[in-house]
Amino acid sequence: MTSPTTRGRRARIEPVRPSRRPLGTIGLTIGIAAVALFAAIRIVTADDRSDALSDAVQDFVTLSASVVIESLPFVFLGIVLSIAVQLWLPPDFLVRRLPTNGVVRRAVISLLGILLPVCECGNVPLARGLLQRGLTVGESMTFLLAAPILNPVTIITTYQAFGWQDGILVWRIVGGFVIANLVGWVFSRHPDPTSLLTPAFQAACAREHADASAKPRRGARMFVDETSAMLPALFVGSAIAGFIQVAVSRDILITLGQNPVLSVFALMLLAFVVALCSNVDAFFVLAFGSTFMPGAIVAFLVFGPMVDVKMLALMRTTFTTRTLVQLTTIVALASAALGLAVNLAA
C-alpha cells in the first residue's frame, strides 16, 4: 500500500496508549488476585494453620520468582532497543534497500528482526511506521510476525533455555520464517489492501512528524508505556507457571503433555492467554519441558509471539477485526501443523 503521505511529509504513528494501559492494569490486578486467592486457599486448608507457608507455597513463590528474575534483563533490553529503533533509525533507511521481487522482498523483510531486535510489543508501532513509510500490508504483516522470533535476543534466550535439545531452536526459527511469509503472501494477494486497515490508522498517516527536539521526552514516555504493558504480563505469566507446577497434579500434566495432539493445542492456548514477551517466553515454557512433547513446546514458541491476547489488542489499532480473525486462523492452523509434525517426527 502506498503511503497516504508524500516522501517529504511522513506521519509519525504513536502507539494508542488507552488500549495498552488498561491491559497492564487489568493484568496486574488479575495476577495479584490470583496469588492472593491461592495463598488464602492454602492457609485455610492447611493442616497446621500456624505453618501457612507450606512447601507448596514456597515452591510456587520460588518458581514464579525465578522466571521473573531470569526474564527482566531481556524485557528491559527489548524496550530500550524498540525505542532506539523507533526514534533514531532514519525512516527510509531499510525500505529503499529492499528487493523489488515480492517473494524475495518479503523473505528479506522477515529477516529484519536480526537488525531490529525488538519484541512483539515494540514491533507493533514499528510495523505501523514501516507501513506508513511504504511497505504493503502483506509486507508489514510479514515483519510483524517474523521479527519477534527472528531476532538475536529471542534466539539467544531460546538457546540458553533449550540448547539444541530436540531441535526446538531450529524448528522455532524455521517455523517463524515460513509462517510469517505464508501470511504475508496470502494478504499480498488481497484485491483491496486498504480495506484491511482501520480508518483511524489511515487518518493517522496524514499527521506531521513531531519535532526532533521532542525525542528525549517521547523516549521517556514510550519507556513508561512499554514497561507498564509488558511487566504485568510477565508477572502474571510467571505466577501462572508457578501455580500450574504446584497446583496441578503431575499425573494430569504427564497425561496431557505426552499426548501428541492435545499437548500441542494445550500449550498454544496457554501461549495465547499468558501473552509473554518473545524475549523471555523460552524461560517460561522451559518449566514444561519435562512433561510436554517437543512439538507442543515448538507450537508455544511460534504461536505465542505471533498471536496472543495482548498482540491482538495492539494490532487492532492498525488492522480491522475481520483481518485479525483471518490472520489468527492462518497462524493457529500453521502453528498446530508444525507442532504435530515435530511430534510425529520425534
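Do we find that F303 is open to solvent by less than 30 Å² (accessible area, probe 1.4 Å), touching a Leu at 6+ places or on another chain (Cβ under 9 Å) and assigned to a helix (DSSP H, G or I) in this structure? Judged against the criteria, F303 is a match. One residue stands out in the stretch 268-280 among those that are closer than 13 Å to I240 by Cβ and touching a residue at least 40 places away in the same chain (Cβ under 8 Å): the one that is surrounded by the fewest Cβ atoms within 10 Å (Cβ to Cβ), namely V274. For the stretch 306-334, the tally of residues that are open to solvent by less than 10 Å² (accessible area, probe 1.4 Å) and in a loop (DSSP other than H, G, I, E, B) stands at 3.
Screening the stretch 203-220 for residues that are at pLDDT 75 or above and surrounded by 15 or more Cβ atoms within 10 Å (Cβ to Cβ) and picking the one that is nearest to D59 (Cα to Cα) gives G219.
For residues in the stretch 261-300 being in contact with a Pro (Cβ under 8 Å, 6 or more places away or on another chain) and outside any loop (DSSP other than H, G, I, E, B), which is farthest from L197 (Cα to Cα)? In this case the residue turns out to be G295.
Residues of the stretch 157-176 that are closer than 15 Å to S278 by Cα, open to solvent by 70 Å² or more (accessible area, probe 1.4 Å) and not aromatic (F, W, Y): Q160 alone.
The values are calculated or read from the model by the stated rules, or taken from the named source; none is laboratory data. All values derive from a computational prediction rather than experimental measurement. Note that we place each Cβ from the backbone using ideal geometry, even for glycine, and neighbour counts take in every protein chain shown. Each accessible area value is taken on the protein alone, full model and side chains, heavy atoms only, with ligands, DNA and RNA left out. Shrake-Rupley method; radii C 1.70, N 1.55, O 1.52, S 1.80 Å.
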